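The structure under discussion appears below in the form of structure tokens.
The values are calculated or read from the model by the stated rules, or taken from the named source; none is laboratory data. The model shown is predicted, which means the values in this text are computed figures rather than measured ones. Every residue, glycine as well, gets a Cβ built from its backbone with ideal geometry; the counts of neighbours run over all protein chains shown.
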Amino acid sequence: MIPYIVLLIVVIIILIIYKYVSISVDYDIVLRKIHDGENEIDELLHKKAEIMKSIADNINSINDNSLFSDVDKILKKKRDNTLALDRDLGDYYHELKEYLLVNKSYIPDEIVGAKIKELESVELDLEATKRFYNDNSNIFNDLIDRFPSKIIAKKKGYDFKYLYSFDKEELFEILKSKNKKNSEI
């Protein structure tokens, strides 16, 4: 009878160790994907900032006074994560978009038109990367919230990951129609 109890205890210990290792591997995989997503988002946000700066510089060179603050100030601001940078660049983007939509006298030249198309491409890549990040963050957050992986999360000090939100922009469609009208003239 005692050998069966010992065997049962050994099997239970092995199952617990297996489950612990399995959950640890799940955390490692999803954390690696989250890290890759954060790095890609950071690169895309900096590329977005460069493009917006180029467009804003072109607009500022046409006007007597600078309409747009320097995007470099946004990039130099200290942040804990890319979510804050995304939010700050989003504000700048909305300011730029408002100018392009409201100011009918501004007609982008070919270079600025190409920058706007490049910005559209970066925006699409950024949205896809944010979705990738959000999907993996949801998996990670679910792991933290479930038993027994919740125990491992507490032991390793894991905390819930933030998620990006999305707002659909119509800037590029409006600019495309504006460029078509100007080319027909």
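Evaluated against (1) part of a helix (DSSP H, G or I); (2) more than 20 Å from the chain's Cα centre (by Cα); (3) more than 18 Å from Y162 (Cβ to Cβ), Y27 falls short on exactly one condition, (3).
Applying the condition of being among the basic types (K, R), without any contact (Cβ under 8 Å) to a residue 60 or more places away in the chain and over 27 Å from S137 (Cβ atoms) to segment 77-118 and asking which residue is surrounded by the most Cβ atoms within 10 Å (Cβ to Cβ) yields K117. Total residues in segment 119-163 satisfying the condition of being surrounded by fewer than 17 Cβ atoms within 10 Å (Cβ to Cβ), more than 30 Å from S61 (Cα to Cα) and small (G, A, S): the figure is 2.
Tell me yes or no: at least one residue of segment 62-71 is assigned to a helix (DSSP H, G or I) and within 20 Å of the chain's Cα centre (by Cα). Scanning segment 62-71, I find at least one residue that is assigned to a helix (DSSP H, G or I) and within 20 Å of the chain's Cα centre (by Cα), so the answer is yes.
Would you please name the residue that is surrounded by the fewest Cβ atoms within 10 Å (Cβ to Cβ), looking only at residues in segment 5-62 that are among the basic types (K, R) and without any contact (Cβ under 8 Å) to a residue 40 or more places away in the chain? Reasoning before the result, please.
First, the residues of segment 5-62 that are among the basic types (K, R): 19, 32-33, 47-48, 53.
When the remaining residues are screened for being without any contact (Cβ under 8 Å) to a residue 40 or more places away in the chain, the result is 32, 53.
Numbers: R32: 11, K53: 20.
Step by step, filter segment 5-62, then rank; the result is R32.
Return the only residue of A128, A114 being more than 24 Å from F160 (Cβ to Cβ) and among the small types (G, A, S). Testing whether each residue is more than 24 Å from F160 (Cβ to Cβ) and among the small types (G, A, S) leaves just A114. Checked against the criterion of being modelled with pLDDT under 85 and assigned to a loop (DSSP other than H, G, I, E, B), the candidates Y106, Y92 yield just one match: Y106.
How many of the residues in segment 138-171 are modelled with pLDDT under 50 and part of a helix (DSSP H, G or I)? Steps first, answer last, please.
So in segment 138-171, the residues modelled with pLDDT under 50 come out as 169-171.
Filter again for part of a helix (DSSP H, G or I), leaving 171.
Looking only at that region, the number is 1.
In summary, E98 fulfils each of the numbered conditions (1) modelled with pLDDT of 80 or more; (2) out of contact with any helix residue (DSSP H, G or I) (no Cβ under 9 Å at 6 or more places or on another chain); (3) of a type in the set (D, E) with the single exception of condition (1).
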